[in-house]
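A.B. asks: Let me begin by handing over the structure; questions about it come next.
Just so it is clear, none of the values below were taken in a lab; they were calculated from the coordinates. All values reported here derive from a predicted model rather than from experimental measurement. Ideal geometry is used to build each Cβ from the backbone, glycine not excepted, and the neighbour counts take in all protein chains shown.
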Amino acid sequence: MASDLCCISDINLLFKYADDTNLLVPENTDVDLAVEFGNIQRWADSNGMVINLHETKEIVLHRPHPRRWFLPKPIDGIEQVQSSKLLGVIFQSTFSFVDYVDYILKICSQHIFLLKQLRDQGLPLRNLHIVFQAIALSRLLYALPAWGPLLIVELVHKIDGFLGSTP
């Protein structure tokens with residue numbers, strides 16, 4: 001149903017996945033964010049769909065310490081946020097992935113507790129390894145090409161430390 005939904009500008013991009021739509025509008029564009037969002041709202045109205053404005057967020061991505069940068073005025077009724085989860089990955093406005101790494105390491109640590117319980121119940125080492133790959137390692141590797149190159153050294157060490165401490 002969303003196949004005929006597209007941006008007004010060729011510079012702006014729409015990413016559609018199931019019932020989620022993400023609009024990417026660069027700083028230098030010929031059609032600004034408010035106009036593009038209005039286009040999406042009109043499309044939704046004409047297709048009998050409702051945009052949940054409480055679920056709609058705006059994140060302004062920028063370099064961590066830009067020389068010239070200002071936070072643009074938000075669209076009426078849309079909350080501007082510093083981080084947002086997209087397909088399970090937490091993106092921060094400064095391209096930092098501290099929140100995401102902390103989140104996945106917390107989840108993986110909880111999974112390690114489960115692995116210890118399985119080990120104590122006598123699950124063979126080979127099977128523990130398979131379960132570890134399925135519930136912890138897969139979480140660490142999920143979408144790694146998207147966020148991995150942007151990691152600071154401290155976060156790499158944090159992940160390495162977790163992997164080095166697993167039984």
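A.B. asks: Starting from a Cα-only point model with no solvent, please compute log10 I(q)/I(0) by Debye for the stretch 116-156 at q = 0.25, 0.31 1/Å.
C.D. replies: Debye curve over Cα of the stretch 116-156, log10 I(q)/I(0) at q = 0.25, 0.31 Å⁻¹: -0.81, -1.01.
A.B. asks: Right, next: Count the lysine pairs in the stretch 1-109 whose Cα atoms lie under 23 Å apart, taking only pairs 8 or more positions apart in sequence or on different chains. Show your work: numbers first, answer last.
C.D. replies: Numbers: Lys16/Lys57; Lys16/Lys85; Lys57/Lys73; Lys57/Lys85; Lys73/Lys85; Lys85/Lys106.
Value for the stretch 1-109: 6.
A.B. asks: Which whole-number percentage describes the relative contact order of the stretch 1-152, with Cα contacts under 8 Å and a sequence gap of 6 or more?
C.D. replies: On the way: 124 pairs, mean separation 20.6, N = 152.
RCO, the stretch 1-152: 14 percent.
A.B. asks: How do 100-106, 143-149 rank on mean C-beta neighbours within 10 Å, highest first? Walk me through the numbers before you get to the answer.
C.D. replies: Numbers: 100-106: 17.3, 143-149: 11.9.
My ranking of the peptides, most packed first, is 100-106, 143-149.
A.B. asks: Hey, could you pull the Cα Rg and Dmax for the stretch 21-104, both in Å?
C.D. replies: 14.4, 44
A.B. asks: Viscosity 0.890 mPa s, temperature 25 °C: what is the translational diffusion coefficient of the stretch 54-145 from Stokes-Einstein with a Kirkwood Rh over Cα pairs, rounded to a whole number of µm²/s?
C.D. replies: Numbers: Rh = 16.0 Å.
Using the Kirkwood radius from Cα pairs, D works out to 154 µm²/s.
A.B. asks: Which length gain, in nm to one decimal place, applies between Leu86 and Thr56 when the Cα-Cα distance is subtracted from 0.36 nm times their residue separation? Present the calculation step by step, with values, prior to reporting the outcome.
C.D. replies: Details: separation 30, 0.36 × 30 = 10.80 nm, distance 1.21 nm.
The span from Leu86 to Thr56 would gain 9.6 nm if fully extended.
A.B. asks: Wrap a convex hull around the Cα atoms of the chain, take a quarter of its surface area, and give that in square nanometres. It would help to have the intermediate numbers written out before the result.
C.D. replies: Numbers: hull surface 51.6 nm².
Result: a mean projected hull area of 12.9 nm².
A.B. asks: Still on this structure, please answer the following. Between Ser3 and Leu24, what's the calculated FRET efficiency when r is the beta-carbon distance and R0 is 25 Å? Round to 0.05.
C.D. replies: My answer for the efficiency is 0.85.
A.B. asks: Please identify the DSSP H helices in the chain that span no less than 24 Å along the helix axis (Cα) and have a mean Kyte-Doolittle hydropathy of -0.5 or more.
C.D. replies: Once both thresholds are applied, what remains is 98-120.
A.B. asks: For the chain, what does -39500 (n - 2.57) per DSSP helix run (n ≥ 4), summed and divided by total residues, give at 222 nm, in deg cm²/dmol to the nearest 500? Please report the intermediate quantities before stating the final value.
C.D. replies: Working: 6 runs with 66 residues, N = 167.
Helix contribution divided over all residues of the chain: -12000 deg cm²/dmol.
A.B. asks: Still on this structure, please answer the following. Got the relative contact order for the stretch 98-165 handy, in percent, Cα pairs under 8 Å and 6 or more residues apart?
C.D. replies: On the way: 22 pairs, mean separation 30.2, N = 68.
44 percent.
A.B. asks: Something else about it: Note down the net charge around Phe37, summing +1 for each Lys or Arg and -1 for each Asp or Glu among other residues with Cβ under 11 Å from its Cβ. List each step's numbers first, then the result.
C.D. replies: Values: positive: Arg42; negative: Asp32, Glu36, Glu58, Asp76.
Counting the neighbours of Phe37, the net charge comes to -3.
A.B. asks: Need the full-extension length gain, Ile152 to Ala44, defined as separation in residues times 0.36 nm minus the C-alpha distance. One decimal, nm.
C.D. replies: Working: separation 108, 0.36 × 108 = 38.88 nm, distance 3.99 nm.
Here the segment from Ile152 to Ala44 would lengthen by 34.9 nm.
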